[in-house]
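Shown next, in structure tokens, is the structure this report addresses.
Every number in this text was worked out from the coordinates using simple rules, so none of it is lab data. Nothing here was measured: the structure is a model prediction, and the numbers come from that model. Cβ: placed from backbone, ideal geometry, glycine included. Neighbour counts: every protein chain shown.
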Amino acid sequence: MTSMRDQLTPYCDAERPPYVPALVVALGALILYVVTLAPTTQFWDASEYITAVHALGIPHPPGNPLFILLAHAWGLLPLGADYAQRINLLAAATSAAAAGFWFLIAERWLRPIVSPIWPRRLTAAAGVMVSATAFTVWNQSVVNEKVYTVSVLSIALVLWLAVRWADQPAAARRDRQLVLIVYLLALTATNHLMGVLAAPAVLVYVLATDPRALLRPRFLIAAALVAAVGTSVDLFMPIRAHFDPYLNEGEPTTWQALQAVLARTQFGKPSVFANPMYLPGPDNPGHTLVLYGQQLLNYVQYFTWQFGHDWDAAGQRFLAVAFAALGLAGARRQWRAERRAALAMTTLMITLTVALVFYLNFKWGFSQPYNAPGLEHEVRERDYFFIASFAVWGIWVGMGLAALMEWLQNGLSAREPRAARRWAVCTPVLLVALVPLLGNRLTASRAGETMARDYARDVLQSLDPYALVVTAGDNDTFPLWYAQEVEGVRRDVNVLVLSLANTDWYLRQLQRRAPPTFEPRSAPAMFGDRSWPRPTTPWMNRYYLREPADTLPPYTPLAQPITGYLGPIEVTVDPRALGRPYLERSDLAVLQIIKDRLGKRPIYFSTSTGNYADQLGFSPYLVGEGLVRRMVPQPLTPSDTVRLLPGRGFVNIPRTRALVFGVYSGGETAARPRPRGWVDVPSQNSLFGYAFVYDTIAAVLRDREPALAARAGELRDAILANTTYALPAERRAAGN
């Protein structure tokens, strides 16, 4: 009977790694991703990152400088006419490359289990098929929404280098690969800390192979040097920030600002030991076992999506149980075959799941069925944080399929003495790996999806030259940044996003950046009949101009309603309508801009801001024009062109009609039939703006232009059919 130490003794394999089959597997994954690739930008962080890459700028903390440099260089390659599609292709290429390394790792770790070469390689390929077509992996590999495919590639590469180092005979083993691993871990940290999650597994693998390697002075000195070189990529941010690129989030021009970006101070992330749904302080209940259990269940929920997201909940749960059982069977078989590899693999899975869940410390998941007064859910699904765990699980699934084949071929030994023939007969079992490909082909694909790009163009083209448009958050802002920086659409417009307007650096940039000259040729014809002088003054007269002290306060108490004048208009700000007894810096900035520029420059609120402008008391001065609401310097009254509609406020009918049917393209895009509807439910609000506009047009034109009203109603219903909301049948029949 062997001891634990003997079982952990390094397994040296002289067989050459199958690099050519690995390349074939990577190319297969790449072809799949290219076929289902997003043709342009998408919602959430995709537009922000593509904008930052194009501008060689700085996205939201931690800034991801390695990704920005890598993707900017990639974007210079002639790989597609659409710049966003090129950057999306980077996500596909890095994820496909990771699949090649997963294949090499799986094939190597399958050698003690499946001795015949081609059944073993087919089994490894089957495991990678499950890995590459898991819903989150596939969905994140066809658009550059995040930087995580680069992190997944670094995890796979680092783990493969550790395997290769350990497989060398002790007499021939060199530590250069270990130094390279340290360098790659330091380098990937400048992309995202997810890549560093491979470190515990690599450490376990090295300790189980040759722990003295980590104590050699030459290695320690070299490791320290390469770690410093790798992390030096972070210095790109303060250097580039001084040039003030289009996207310069956090503006890390000082060491203090750089530290704030790297530490993600802007997001105010709570301690991992706090309850994120409560304010910090002595009354915070802490990271309780109940909360952690709910967070683990959120991971389980995401796991159930991975193998048949196109199908109903019962089918998803069945497949999740089946593939979980296969993975656990593979883990058990690996522990019996080679405990050193199993120890590293288990460490990696624990790091990528239970440890990561605790560290992330999320609120309740967006669609988790928990509810309590005052306690918030996450604003969107967070399954992308666990992309590496879903990718790695495929290796264990492949081993589980190998264990099943092993059991079957042992049963055939009496009738077929040749082991290779028995394994070949059992290979049809591997067809199970095609299930995620079939079960995720609709919801994982982003082929043909242009909604975010079309929405951005439509909003920007709704605005008068040199306007300011107030937006709310990611999905109504990042696509506008993309359209302006990458496609050159309406660069004369300023965008003020409320979620960033609470920071001094953002308002300082808004003030100092003069708008580019308006180009009538790139705007709708309605703007070409007059001259538009380029403004020379900033949006606010006295704040964020020169001195550090000319900043707005973080907040101002609002104990009772206050009435006052903002330039030409009189408004009342009521804390009850606002929902809080204070004004934030973003509110103060909006009020100050209206005071200083209303009547002098166009000011709009995106309809995505909801009733925010009404809460500030602006209702009598707001008129709807398509996807935006214009601020006017005098109270509105109904007229032939401006109608007061219940639940909608004032609407400029001719302008809205001209925009909807003469300028907008996003309405048709939103109405396009989708087999599974709008998959990402948290971002479906972007479709509601169009549905609201079409509903308005259907109501006001019903008597004047019934054919156009009917068309608007059809588009409205088609849009809503893609969402989780639909109009009652009697209202659809009434056409309003």
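Computed quantities for the displayed model
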quantity	calculated
Entry for semi-axes √(5λ) of the Cα gyration tensor in Å (calculated from the structure that is shown) out of (i) 52, 30, 23; (ii) 43, 38, 22; (iii) 41, 30, 28	(i)
Among PHE692, LEU404, ASN652 the positive-end extreme of the charge dipole of the chain (Cβ point charges)	LEU404
Average Cα contact separation per residue, segment 149-226, under 8 Å, 6 or more apart, as relative contact order %	38 percent
Candidates per chymotrypsin sites (Phe, Trp or Tyr not before Pro) in segment 264-342, loop by DSSP, up to 13 other Cβ within 10 Å	PHE273
The chain, dipole about Cα centre (Lys/Arg Cβ +1, Asp/Glu Cβ -1), debye to the nearest 20	1620 debye
Amide H contacts of LEU566 (H built 1.01 Å from N, under 5 Å, at least 5 apart or other chain)	VAL571
Loop trypsin sites (Lys or Arg not before Pro), segment 685-724 (other Cβ atoms within 10 Å of the site Cβ: 15 or fewer; DSSP)	ARG704
Distant-in-sequence amide H partners of ASN248 (H built 1.01 Å from N, under 5 Å)	ILE58
Whether segment 111-180 is rounded, prolate or oblate, judged on the alpha carbon gyration tensor where a/c under 1.5 counts as rounded	oblate
The chain: calculated mean residue ellipticity at 222 nm from DSSP helix runs of at least 4, using -39500 (n - 2.57)	-15500 deg cm²/dmol
Selection from VAL53, GLY63, ALA29 lying farthest towards where the dipole of segment 6-128 points positive, charges on Cβ	ALA29
FRET E, pair LEU434, VAL24, Förster distance 22 Å, beta-carbon r, rounded to 0.05	0.85
Charge dipole (debye, nearest 20) of segment 297-365; +1 at Cβ of Lys and Arg, -1 at Cβ of Asp and Glu	380 debye
Gain on full stretching of the segment that runs from ALA213 to THR536 - 0.36 nm per residue minus C-alpha separation	109.8 nm
Other-chain or far-sequence residues with amide H under 5 Å of TRP364's (modelled H)	GLU378
Likely footprinting exposure, ASP504, ASP458, ASP640, ASP492, fewest C-beta neighbours within 10 Å first	ASP640, ASP504, ASP492, ASP458
Label point distance in nm, TYR292-LEU79, each placed 7 Å from Cα along Cα→Cβ	4.1 nm
Between segment 90-144 and segment 458-472, the alpha-carbon center distance in angstrom	45 Å
Axial C-alpha extent at least 27 Å, average Kyte-Doolittle at least 0.0 - helices from the chain (DSSP)	83-110, 148-167, 313-337, 387-411
Qualifying chymotrypsin sites (Phe, Trp or Tyr not before Pro) in segment 685-717, DSSP loop, other Cβ atoms within 10 Å at most 11	none
Antiparallel bridges, percent of DSSP beta bridges restricted to the chain (to nearest 5)	60 percent
Euclidean distance between Cα centres, segment 675-694 to segment 336-374, Å	31 Å
Spatial separation of Cα centroids for segment 398-422 and segment 584-600, in angstrom	74 Å
Pairwise label distance in nanometres, GLU376 with LEU235, each label 7 Å out on the Cα-Cβ vector	3.8 nm
Residues in segment 353-384 reached by a label modelled at TYR278 [backbone nitrogen below 15 Å; 7 Å Cα→Cβ]	363-364, 372-376
Farthest positive-ward along the chain dipole, Cα basis, beta-carbon charges - from PRO524, TYR299, ILE562	TYR299
FRET efficiency for ASP680 and ALA170, using Cβ-Cβ distance with R0 set to 45 Å, rounded to 0.05	0.30
Nearest-20 debye value, segment 599-736 charge dipole, Cβ charges on Lys, Arg, Asp, Glu	220 debye
For the chain: relative contact order, % (alpha-carbon pairs under 8 angstrom, 6 or more apart)	14 percent
Neighbour-count order for SER619, SER154, SER115, SER531, fewest beta carbons within 10 angstrom listed first	SER531, SER115, SER619, SER154
Per-residue Cβ neighbour rank within 10 angstrom, fewest leading, VAL429, VAL693	VAL429, VAL693
Nitroxide proxy distance, nm - points 7 Å out along Cα→Cβ at GLU519 and ARG336	6.7 nm
